[in-house]
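Comments concern the structure below.
The values are calculated or read from the model by the stated rules, or taken from the named source; none is laboratory data. Values in this document were obtained by computation on a predicted structure and should not be read as measured data. Note that we place each Cβ from the backbone using ideal geometry, even for glycine, and neighbour counts take in every protein chain shown.
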Amino acid sequence: MSPARRAELFSVVHELLSDVGYERLTFDAVAARARTSKATLYRQWGSKSGLVIAALTQDDARHPPLIQNAGAISLDDAFAQLAQADRVSDRDLRMAFTLLQAASNDPDFAAALRRAIIQPLVDELVAVFETAADRGTIVRDSPLFARLAHVILTDLAFHPLLDGQKGSQASREELFRTVIRPALSFADRENP
């Protein structure tokens, strides 16, 4: 399958996810709308979850890392970059809820979603914390680093729903100043 044809097919998957949701998205519907055979879809991706994850991750090049030059900048500079991020559109938020609903009903899809999309983002943020710990600017606490990565990603993805307002640079700066930074400073609370 050519890259252009693959992109067209993945566009159909995105449309169907938006139109009917994950549960009602079928290989029949994708095949009909993309003018391909259901057998081709099964041969290429094996399952609905495989096809959807491939469609969601197909264009990773257009999604740059959360933090540019993460290993070369300070933790505060990394936080500043994250605060400036304006990544989640209303469409993306709707898609996130569609995917969360699907994950709550399909454990295999949930595992694939975590493995392909969520865990790489968590790993990226944890690496920023680990680099700061290597530099001695914070105490190493890997379990805390993972939990804080989850907090940051949740805020970036769902702040508009939770707060009723579009996430802003000011609200993200407040998160880093009042929650993330103090938690990192408090990490040595039990270390002698």
Options A72, A78, A83, A29; residue that is free of Cβ contacts under 8 Å to residues at least 60 places away in the same chain, in contact with a helix residue (DSSP H, G or I) (Cβ under 7 Å, 6 or more places away or on another chain), assigned by TED's automatic domain parsing to the domain that holds A103 and among the aliphatic types (A, V, I, L, M): A78
Residues of region 122-175 classified as closer than 17 Å to Q81 by Cα and among the basic types (K, R), total: 1
Residue count, region 34-53 (criterion: outside any helix (DSSP H, G or I) and within 18 Å of E8 (Cβ to Cβ)): 3
Residue, surrounded by the fewest Cβ atoms within 10 Å (Cβ to Cβ), within region 103-120, restricted to residues that are among the charged types (D, E, K, R) and farther than 23 Å from Q68 by Cα: D108
Number of positions in region 121-135 that are exposed (fewer than 15 other Cβ atoms within 10 Å of the Cβ) and part of a helix (DSSP H, G or I): 2
